[in-house]
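Visitor: The structure's right below; bear with me while I get my questions together.
We did not get these values from a lab; they are worked out from the coordinates using the rules stated. Since the model is a prediction, treat every value here as computed from it, not as a measurement. Positions of Cβ are backbone-derived with ideal geometry, glycine not excepted, and every protein chain shown enters the neighbour counts.
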Amino acid sequence: MGFCLRTHHLTKRYGEKAVVHDINLSIRTGDIYGFLGQNGAGKTTTLRMLMGLIRPSAGEIELFGAGLKGSRAMALERVGAIIEYPGFYLNLSAAENLEIHRRLMGMGNKECIDEVLTTVGLLDAKQQKVKNYSLGMKQRLGIARALLHHPELLILDEPTNGLDPVGIKEVRQLFLDLARQRGISILISSHLLNEIELLATRIGIIHKGKLLEEIDYEALQRKARQYLEIKVDDEQRAAYILEQKLGVTDYLVAGPGILHLYERLDQSAKVNFTLASNGIGVKEIVLSGDSLEDYFLKITGGARLV
Amino acid sequence: MFSVFNTEMMKLKNTKILWLVLIGVLPANLVSLIALLPKIAPAGTPAGINLQDMFYRQGQMLTIWGPALFALMTGYIIAREYQERTINQLFSYPVARVSFLAAKLAAVLALIALTTVLSSVSVFVVGAKLVFQQHADLNVLWLGMRMNMMICALSFGTIPVAAALSMVGKNIIPVAVLGVFVTVITAIGEAGHGSQGILFPWLTPYWPVRQLAQGIAQNSGPNPYATPALVVLALTFIISLIFCVVYYARADVHSGS
Ligand SMILES: Nc1ncnc2c1ncn2[C@@H]1O[C@H](COP(=O)(O)OP(=O)(O)OP(=O)(O)O)[C@@H](O)[C@H]1O
Ligand SMILES: [Mg+2]
């Protein structure tokens, strides 16, 4: 499968400070690429460069297998984007805003407007001025606009900002449908781990301007270390018994009443029996994986995502 | 290109731009109608309607208010994209940034033309009535029309300055300040009737107004400063336009952050 977007040593400096440093992204056709990073990590700056809004200090961008220089316009026709904030002309209705988009994108028929408004569930509000839209509605309208000209690649900067939990779920399902049914590639930035986790087929982690890791979601799952999570009434005594009776050493007291056991993963019955027969109340034993969050914490050296 | 211009005009729907046009239009119509009030000629007989005087008053009012209003219109059209955070989307289209600049300036030109036409409506209505009654000097109508066309063209000369201020400031405030400053100068300049005032580029549109008024009262002879004034205005236009083209096309876009 080919790449729909790649960057080579992409860098943006403001003065001395490299806000984006030597980033090599590779997004394959059909990927839902989660671009994950804390506030200020450099996500928006990277996406701005991709859309040609700011000039890279160094490096190159390759869209659909060709360099951006010279063919920017042709490449941009195949991309739909929301960068930073879904900006609209507030004095106009949703339909009028999309009409402007349609004309500037050179789309022939007008039916596409109602079509995308239906897709994002805003058809009823199409004559309303955007001034009266909530942030969540603007966000949906932004998605509608990004979809209007049938792009092959969506570049979405934190598109769930301002959506309520139901909205987030709907939009997530929409992205999945777009990727699976229409084969649209999606680059989606977020500072929310769990959001990316539920969506992405590939993940890039940016931290302080550097791309720390780029990995397929499946590979990431394999990488994550698994353990038995044991909930007991007395974790200290439980740990002592496990050491004494079973000789385990690779474990962690993860919290009050919680032990993480990194060995004997297939012997939960035996563990349970050993603890119970030594008078420990066992409430639960489950096999768990290192979450993406743990993994993220590890590679960013403890930086937390909000 | 025409479709880009079209979208620029669409964006003005339901905006305060139309109020700005009205502010430009109403005073000019009112003062030109003042010329209809009954007057006594020096000889003691009632004077007829003087179309030339009406045009003069209309042109004067338009060239006092116009420069500031046109600057504000420019400022709004350029700066709103930053203030309403639509600039990211605008510059993501497969359209050269220079085309957007051209379309925006063309929209301003259209608004200047609209304001000028509407500001002279009452004069032309009165003129048409006189033509109908066969009292009118067609030549005066033509002179008035020419004056208004020249006001349009000359007013456009300073528009790129307003555009430059708005794109650098990403905000309408610099242009509002410019507007106040310019209006003070145009008002003082026109009140003084001095001929060198037109050297100030925002007052150059007053040149054809004063030209038309030759023979009325204190004005006589062609303005000796016309050529240098036109040179100054042309330079202002070209330099600020080049700045706009380069800046608009090259600047990093950060709005919304
Ligand atoms: N024009 C600029 N001049 C100087 N520094 C800038 C500029 N724009 C952004 N930065 C800096 O670049 C860094 C990255 O900003 P960016 O907006 O790309 O972060 P982000 O990952 O999108 O964060 P968020 O999750 O808050 O949107 C920040 O530290 C910011 O202060
Ligand atoms: Mg951001």
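Visitor: Rounded, prolate or oblate: which fits the stretch A:168-218 when a ≥ b ≥ c are the square roots of the eigenvalues of the alpha-carbon gyration tensor, with rounded for a/c under 1.5 and prolate only if a/b beats b/c? Walk me through the numbers before you get to the answer.
Guide: Details: a/c = 2.34, a/b = 1.72, b/c = 1.36.
Prolate shape, in that a/c is at least 1.5 and a/b is the bigger ratio.
Visitor: Another question, then. State log₁₀ I(q)/I(0) for the stretch A:194-268 at q = 0.12, 0.23, 0.26 Å⁻¹ as given by the Debye formula over alpha-carbon point scatterers of equal weight, solvent excluded.
Guide: The Cα Debye sum returns log10 ratios of -0.52, -0.95, -1.12.
Visitor: What value, in deg cm²/dmol to 500, does the helix sum -39500 (n - 2.57) over DSSP H runs of n ≥ 4 give at 222 nm once divided by the residues of the protein assembly as shown?
Guide: Values: 22 runs with 284 residues, N = 563.
Computed ellipticity for the protein assembly as shown at 222 nm equals -16000 deg cm²/dmol.
Visitor: Scattering from the C-alpha atoms of the stretch A:243-301 alone, worked out with Debye: what is log10 I(q)/I(0) at q = 0.30 1/Å?
Guide: -1.52
Visitor: Take every Cα pair under 8 Å in the stretch B:2-250 that's 6+ residues apart, average their separations, divide by the length, and report that relative contact order as a whole percent.
Guide: On the way: 308 pairs, mean separation 66.6, N = 249.
In percent, rounded to a whole number, it is 27.
Visitor: Follow-up. How would you rank B:92, A:189, going from fewest to most other Cβ atoms within 10 Å of each one's own Cβ? If you can, show how the numbers build up before the last one.
Guide: Details: B:92 23, A:189 26.
By the 10 Å Cβ count, ascending: B:92, A:189.
Visitor: Please identify, among B:56, B:93, B:76, the residue showing maximal mean-square fluctuation in a Gaussian network model of chain B using a 10 angstrom Cα cutoff.
Guide: Looking only at B:56, B:93, B:76, the biggest GNM fluctuation is shown by B:93.
Visitor: Then there is this: Tell me which of B:181, A:50, B:140 sits at the most positive position along the dipole axis of the protein assembly as shown, charges placed on C-beta atoms (Lys, Arg +1; Asp, Glu -1).
Guide: Positive-end residue among those listed: B:140.
Visitor: Next question. Please report the base-10 log of the normalised intensity I(q)/I(0) for the stretch B:2-250, using a Debye sum with one equal scatterer per alpha carbon and no solvent, at each q in 0.14 (1/Å).
Guide: Rounded to two decimals, the profile gives -0.92.
Visitor: Which of B:207, B:19 has the fewest other C-beta atoms within 10 Å, and how do the rest follow up to the most? Don't skip to the answer; put the middle values down first.
Guide: Working: B:207 25, B:19 9.
Ascending Cβ contact count within 10 Å gives the list B:19, B:207.
Visitor: OK, next. If you count, for every residue in A:85-94, the Cβ atoms of partner chains within 10 Å of its Cβ, what is the mean?
Guide: Working: counts 7, 5, 12, 4, 12, 5, 9, 6, 2, 0.
Counting other chains' Cβ atoms within 10 Å and averaging over A:85-94 gives 6.
Visitor: Something else now. Viscosity 1.002 mPa s, temperature 20 °C: give me the Stokes-Einstein translational D for the stretch B:136-225 in µm²/s, with Rh taken as the Kirkwood radius over C-alpha pairs. Before the final figure, lay out each step's value.
Guide: Values: Rh = 14.5 Å.
Once the numbers are plugged in, D ends up at 148 µm²/s.
Visitor: What number results when the radius of gyration of the stretch A:90-246, computed over Cα atoms, is divided by 2.2 N^0.38 Å? Let's see the in-between values first.
Guide: Working: Rg = 22.1 Å, N = 157, 2.2 N^0.38 = 15.0 Å.
Taking the Cα Rg and dividing by 2.2 N^0.38 Å, one obtains 1.47.
Visitor: Whole angstrom only: what separates the Cα centroid of the stretch A:16-74 from the Cα centroid of the stretch A:166-207?
Guide: Centre-to-centre distance over Cα atoms comes out at 18 Å.
Visitor: List the pair-distance distribution P(r) of chain A, using every Cα-Cα distance, as the percent of pairs falling in each 20 Å bin from 0 up to the bin containing the longest distance, rounded to whole percents.
Guide: 29, 45, 21, 4
Visitor: I would also like to ask the following. Using only C-alpha positions, report the orientation-averaged shadow area of the convex hull of the protein assembly as shown, nm², one decimal.
Guide: Numbers: hull surface 139.7 nm².
Mean orientational projected area (the protein assembly as shown, Cα hull): 34.9 nm².
Visitor: What is the P(r) of the stretch B:3-122, as percent of Cα-Cα pairs per 10 Å bin from 0?
Guide: Here the calculated profile for the stretch B:3-122 is 12, 35, 23, 15, 8, 4, 1.
Visitor: Could you work out the equivalent-ellipsoid semi-axes for the stretch A:109-198, taking the square root of 5 times each eigenvalue of the Cα gyration tensor, largest first, in whole Å?
Guide: Values: eigenvalues 85, 59, 22 Å².
Each semi-axis is √(5λ); the values are 21, 17, 10 Å.
Visitor: Still on this structure, I have one more. When ranked by the protection proxy of mean other Cβ atoms within 10 Å per residue, highest first, what sequence do the peptides B:58-68, B:243-253 form? It would help to have the intermediate numbers written out before the result.
Guide: Values: B:58-68: 26.7, B:243-253: 15.7.
Taking the mean over residues of other Cβ atoms within 10 Å, the ranking is B:58-68, B:243-253.
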